[in-house]
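**Student:** Can you read through this structure? Questions will come right after.
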Amino acid sequence: MKNKKAQLGEITIWIYRFIMIIVVVGSIIAVIINNYSTPYDVRPLEASLLSSKIVKYIQEDPARLNSDDIKKIVNIDEDIFINITLENTNVALGKDLLNVMCATKSQTKKNMPYCFNDSYPLKGLNEKNLTIAIAIGKSQKNA
Amino acid sequence: MKQKRGDQIFLLHSVFSLIILVVILLVLVSFISERGSEKIKPEVFAKDLCLLTLEDKGTITIKTDFLVTKEQNGFLVKRKDSDPGFFYPCIGQFDAQKNGNILTLEIK
């Protein structure tokens with residue numbers, strides 16, 4: 001004759017075992033997915049390198065602050081927006097929508113561009129400030 | 001006298017714990033070996049190449065076993081021909097040429 005209390009205990013132990021398996025396997029899968037599915041976001045590095053390249057480029061010859069010359073070093077066909085300001089001169093290139101998204105700080109974080117703003121004093125130009133704003137999209141490849 | 005039922009339950013418990021332990025160990029070993037094998041992923045390599053194109057004007061030579069092709073203004077990096085690879089568009093202006101396993105980047 002089977003002991004009913006013992007049977008109940010056995011069922012409880014099996015439920016506990018199943019829950020344990022689900023928790024262990026689920027956690028392992030979650031950690032692996034989290035590690036392998038997040039792309040390596042290089043946009044902060046891209047923005048920083050691009051801004052220093054633009055600063056050096058303009059520093060060599062301030063007359064290069066025009067869209068034609070900037071296009072020689074930057075591929076503006078990509079998902080990018082650049083705004084460069086030096087005193088009264090302003091050069092804006094690329095996709096305006098990215099700039100708007102940066103300004104409005106859209107709630108949809110998934111497709112948000114990376115927004116970069118910095119200001120650099122230019123040597124030999126009475127330390128005039130060169131302001132650079134860069135917005136890089138490419139969110140599907142980076143975030 | 002030995003109790004058979006007790007023995008059975010003890011055996012089940014041990015087998016169950018052993019299975020969990022083996023699964024955890026296998027996952028950990030495969031995870032660590034993957035991380036520790038220093039294999040660079042095509043994604044990382046393509047992005048690093050794009051970062052290089054933002055360096056100062058000049059020529060850079062890189063030795064690589066990856067299959068690298070310049071497409072539009074980005075890099076398509078594959079491990080093998082059958083591999084779909086990873087494409088990353090670059091924002092720098094450059095030219096790229098591959099001879100054997102030597103990749104030459106001319107940054108503008």
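The numbers here are math on the coordinates, done by the rules we state, and not lab data. All values derive from a computational prediction rather than experimental measurement. Heads up, the Cβs are rebuilt from the backbone with ideal geometry, glycines too, and the neighbour counts pull from every protein chain shown.
**Student:** In nanometres, what is the gap between the two model label sites at A:LYS128 and A:TRP14, each 7 Å from Cα along Cα-to-Cβ?
**Tutor:** In this crude label model, A:LYS128 to A:TRP14 measures out at 8.2 nm.
**Student:** Along the Cα→Cβ direction, 7 angstrom out, place labels at B:LEU12 and A:ASP61. What is the inter-label distance in nm?
**Tutor:** Between B:LEU12 and A:ASP61, the label points sit 8.4 nm apart.
**Student:** Any chance you could run the full-extension gain for B:ILE60 through B:ARG79? It's 0.36 nm times the residue separation minus the Cα-Cα distance, nm to one decimal.
**Tutor:** 4.7 nm
**Student:** Can you give the average number of partner chain beta-carbon atoms within 10 Å of each beta-carbon in peptide B:88-96, as a whole number?
**Tutor:** Taking all residues of B:88-96 together, the mean is 6.
**Student:** In whole Hz, with x marking every Gly and Pro, tabulate ³J(HN,Hα) for region B:41-57 from phi via Karplus 6.51 cos²θ - 1.76 cosθ + 1.60, θ = phi - 60°.
**Tutor:** Along region B:41-57, the couplings run 7, x, 4, 5, 5, 4, 5, 5, 5, 5, 5, 5, 5, 9, 6, 5, 3 Hz.
**Student:** Averaging sequence separations of C-alpha pairs under 8 Å and six or more residues apart, then dividing by the length of chain B, give the relative contact order as a whole percent.
**Tutor:** Computed over chain B, the figure is 25 percent.
**Student:** What do you get when you divide the Cα radius of gyration of the protein assembly as shown by 2.2 N^0.38 Å, with N the number of residues?
**Tutor:** 1.57
**Student:** Another one. How far is it, in nm, from the label point at A:GLU87 to the one at A:GLN140 when both lie 7 Å from their Cα along the line to the Cβ?
**Tutor:** Here the modelled spin labels are 4.4 nm apart.
**Student:** Going down the table (B:LYS47/B:LYS78; A:LYS71/B:LYS78; B:LYS70/B:LYS108), which pairs top 21 Å between alpha carbons?
**Tutor:** Listed pairs above 21 Å: A:LYS71/B:LYS78.
**Student:** Same structure, new question: Per Stokes-Einstein, at 37 °C and 0.692 mPa s, what whole-number D in µm² s⁻¹ belongs to chain B, with the Kirkwood radius over Cα pairs as the hydrodynamic radius?
**Tutor:** Reported coefficient: 188 µm²/s.
**Student:** Do me a favour and compute the ellipsoid semi-axes for region A:2-52 from its Cα gyration tensor, root of five times each eigenvalue, largest one first, whole Å.
**Tutor:** Ellipsoid semi-axes (Å, largest first): 53, 6, 4.
**Student:** May I pose another question? Rg(Cα) of chain A divided by 2.2 N^0.38 Å?
**Tutor:** For chain A, the normalised Cα radius of gyration comes out at 1.87.
**Student:** If we count other beta carbons within 10 Å of each Cβ, what is the order of A:ILE132, A:ILE15, fewest first?
**Tutor:** With the sparsest Cβ surroundings first, the list reads A:ILE15, A:ILE132.
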